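Where a number appears in this text, it was derived from the coordinates with a stated rule and is not lab data. Keep in mind the model is a prediction, meaning the values are calculated, not measured. Here the Cβ positions follow ideal geometry from the backbone for every residue, glycine too, while neighbour counts run over all protein chains shown.
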Amino acid sequence: MKTNDPSKMQKLGRKIKKFDEKEWRKVRDDIMQKGLRAKFSQNAYLKARLLKSNDARLAESNPLDCYWSIGWHFSSPNALDPVNGVVLTY
């Protein structure tokens, strides 16, 4: 893509013609895994931060996304509740 801005990428993604949600659901996990592997293998700083986390449970915190995220804002008491399956660490 011609931008490093995630919000611009999201807007560009919404312009895809003939987007098929059913097909996307079949491949999205594999694509995300490949993307994350590329991200952390190409950026030494991020790779070091990830490796330093050891076996800590890491979570994306976005109240608008319940698939890729825990679905809570990081300041929410629910985000820190182990019953929800995630304990955020900073």
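Taking 23 Å as the limit for the C-alpha separation, the pairs 2/34; 15/47; 17/47 exceed it in the case of 15/47; 17/47. Taking N as the residue count of the chain, its C-alpha radius of gyration divided by 2.2 N^0.38 Å amounts to 1.27. Annotation: peptides 70-78, 47-55, ranked by per-residue average of other Cβ atoms within 10 Å with the highest first, follow the order 70-78, 47-55. A simple count of charges around residue 32, restricted to other residues whose Cβ falls under 14 Å of its Cβ and scoring Lys, Arg +1 and Asp, Glu -1, yields +2.
Adding -39500 (n - 2.57) for every DSSP H run of four residues or longer, then dividing by how many residues the chain holds, sets the calculated 222 nm ellipticity at -13500 deg cm²/dmol.
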